[in-house]
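A.B. asks: Before anything else, here's the structure in question.
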Amino acid sequence: MNTRIYKPNDLKNHDVKTDIKDVLLNGKNIIFPTETVYGIGAHVLNETGVKNIYHIKGRPSDNPLIMHMAKISDIGHYVYIDQPYVEALMNTFWPGPLTLVLRKKDVVPTWITGGLQTVGVRIPSHPVALDILKIAGVPICAPSANQSGRPSSTLFEHVLEDFQGKVDIMVDGGKSEVGLESTVLDVTGVHPVILRPGVITKTMIESITSPVLISEDATKQQIPKAPGMKYKHYAPKGSLTIVEGKVSDVVNHINTQIKHHHPNQKVGVIASSDVKDAFKTAYVFNIGDPNQPAEIASNVYIALRTMDQLNIDVIYSLSFKDTQYQEVIMNRLYKAANYQVITV
Ligand code: AMP
Ligand code: MG
């Protein structure tokens, strides 16, 4: 398939708009940037387009998709709003990286929900994502644009790596600003429940609602039960271990490990800028300033994908804990490491 690649400015062009609309309405797919990660989109009501997403991602069919919409006023057509706090959450955090899980109305097909009677809904803030939703005039389901199990795509080159020739359209929006997937919040009950942590944190949500619960699946060391969280996730090709403890001990431990690896094995380290020069390997990824949690968050998947591009066999990552976003950053890193964590 010949993939057509557009830049954000091209979306003003009439022929490009028509192309986007035709692709979606005819059951084909488009990859586009959102503020969280790149998404691979299909028209929610078109079964062919949605099934194709599962097929080309290699995504298990019981892993539900998030429905993206352009306007709050359209939401009531698709879902029931059962709790009084839901509208305040929408008004506060939308457009933005918060997905609300609500009871679906009959119009929402179970082929996007993995058979569930609830559906995750979000209004993204990225101007390109909003433009595409407006051009399409229909809701778009858009899971992360990565081969299932691999790190999500936060640079256009990641999207090309995984999907060039497999979708009709890709829009190059540069680097994803947030760089980690949305917070998923179940708002069907009296208390909201975080199913997947994101940069919209428990504290931020609690400023609007009653106390927020965190599902066991969203906590770091558990093997998850909720749909979509139980599968292998975000994994680089090399074996990843998170090393925790006092920074100087962590550095010493990793350097000792590097010494003991077979000379044919490439060893990489994911480290913050303060200690990036402390490791005895040529393959150190500087994930960012330890005092800039948003910068670290935006580089998590780039770090993992860079290790793959360098064909690193064994990866050590520091833990990035003393930050505002530790919950979300460590949730993704622990999963990427398949919970392989060493405390020194
Ligand atoms: P992705 O689109 O790749 O970010 O994955 C979306 C994730 O949102 C899924 O893997 C689920 O964990 C979560 N999700 C979406 N819809 C629901 C739902 N109805 N109930 C529970 N979790 C959901
Ligand atoms: Mg995903």
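Computed from the coordinates by the stated procedures, all read-outs in this text should not be read as laboratory data. The shown structure was predicted, so the numbers you read here are calculated from the model rather than taken from an experiment. A quick note on method: Cβ atoms are made from the backbone with ideal geometry, for glycine too, and the neighbour counts reach across all protein chains shown.
A.B. asks: Every residue in segment 126-141 that is closer than 19 Å to Ser298 by Cβ and out of contact with any helix residue (DSSP H, G or I) (no Cβ under 6 Å at 6 or more places or on another chain), please.
C.D. replies: Hits for segment 126-141 are His126, Pro127, Ala129.
A.B. asks: In addition: Are there any strands (runs of 3 or more DSSP E) wholly within segment 224-315 with 3 or more residues that are of a type in the set (Val, Ile, Thr), and if so which?
C.D. replies: Here the list reads 239-244, 267-271.
A.B. asks: For the list (1) touching a residue at least 40 places away in the same chain (Cβ under 8 Å); (2) surrounded by fewer than 23 Cβ atoms within 10 Å (Cβ to Cβ); (3) near ligand 1 (Cβ under 10 Å from one of its atoms), I need the number of the one condition that Ser152 fails.
C.D. replies: Unmet condition: (2).
A.B. asks: Would you confirm, using the coordinates I've provided, whether Ile112 is closer than 18 Å to Asp74 by Cβ, crowded, with 18+ Cβ neighbours inside 10 Å and near ligand 1 (Cβ under 10 Å from one of its atoms)?
C.D. replies: So Ile112 passes the test.
A.B. asks: In segment 126-149, what count of residues is obtained for those that are assigned to a loop (DSSP other than H, G, I, E, B) and within 16 Å of ligand 1 (Cβ to nearest atom)?
C.D. replies: Number satisfying all stated conditions: 9.
A.B. asks: Could you look through segment 162-174, keep only residues that are touching a helix residue (DSSP H, G or I) at 6+ places or on another chain (Cβ under 8 Å) and surrounded by fewer than 21 Cβ atoms within 10 Å (Cβ to Cβ), and pick out the one that is farthest from Ala142 (Cα to Cα)? Explain how you work it out, then say what you get.
C.D. replies: Kept after step one, since they are touching a helix residue (DSSP H, G or I) at 6+ places or on another chain (Cβ under 8 Å), are these residues of segment 162-174: 163, 166-174.
Restricting the remaining residues to those that are surrounded by fewer than 21 Cβ atoms within 10 Å (Cβ to Cβ) gives 166, 168, 172, 174.
Working: Lys166: 15, Asp168: 15, Asp172: 16, Gly174: 18 Å.
My answer is Gly174.
A.B. asks: Here's something else I'd like to know. Looking at segment 44-62, I want the residues that are at positive phi and have a partner that is assigned to a loop (DSSP other than H, G, I, E, B) and not acidic (Asp, Glu) with Cβ atoms under 9 Å, at least 6 apart or on another chain. Which pairs are those?
C.D. replies: Between residues of segment 44-62 that are at positive phi and residues that are assigned to a loop (DSSP other than H, G, I, E, B) and not acidic (Asp, Glu), the close pairs are Gly58/Gln147; Gly58/Ser148; Gly58/Gly149.
A.B. asks: Looking at segment 316-344 only, could you name the residues that are part of a helix (DSSP H, G or I) and either of a type outside the set (A, V, I, L, M, F, W, C) or touching a Phe, Trp or Tyr at 6+ places or on another chain (Cβ under 9 Å) (or both)? Explain how you work it out, then say what you get.
C.D. replies: To start, the set of residues in segment 316-344 that are part of a helix (DSSP H, G or I) comprises 326-336.
Selection gives Gln326, Glu327, Ile329, Met330, Asn331, Arg332, Leu333, Tyr334, Lys335, Ala336.
A.B. asks: Within segment 182-203, track down each residue that is touching a residue at least 60 places away in the same chain (Cβ under 8 Å) and not in a loop (DSSP other than H, G, I, E, B).
C.D. replies: First pass over segment 182-203, keeping only residues touching a residue at least 60 places away in the same chain (Cβ under 8 Å): 182-190, 192, 195-202.
Result: Thr183, Val184, Leu185, Asp186, Leu195, Arg196, Lys202.
A.B. asks: Across segment 25-51, what is the total count of residues that are part of a helix (DSSP H, G or I) and of a type outside the set (Asp, Glu)?
C.D. replies: Of the residues in that region, 5 qualify.
A.B. asks: Another question, then. Considering each residue of segment 54-75, count those that are away from ligand 2 (no atom under 12 Å from the Cβ) and either over 15 Å from Ala42 (Cα atoms) or among the polar types (S, T, N, Q) (or both), and give that number.
C.D. replies: Going through segment 54-75 one residue at a time, the tally reaches 7.
A.B. asks: If you check Gly179 against the conditions, is it within 16 Å of ligand 1 (Cβ to nearest atom), within 27 Å of Val23 (Cα to Cα) and either in contact with a strand residue (DSSP E or B) (Cβ under 6 Å, 6 or more places away or on another chain) or part of a loop (DSSP other than H, G, I, E, B) (or both)? Give the steps one after another, and end with the answer.
C.D. replies: Numbers: within 16 Å of ligand 1 (Cβ to nearest atom): yes; within 27 Å of Val23 (Cα to Cα): yes; either in contact with a strand residue (DSSP E or B) (Cβ under 6 Å, 6 or more places away or on another chain) or part of a loop (DSSP other than H, G, I, E, B) (or both): yes.
Yes; evaluated as a whole, the condition is true for this residue.
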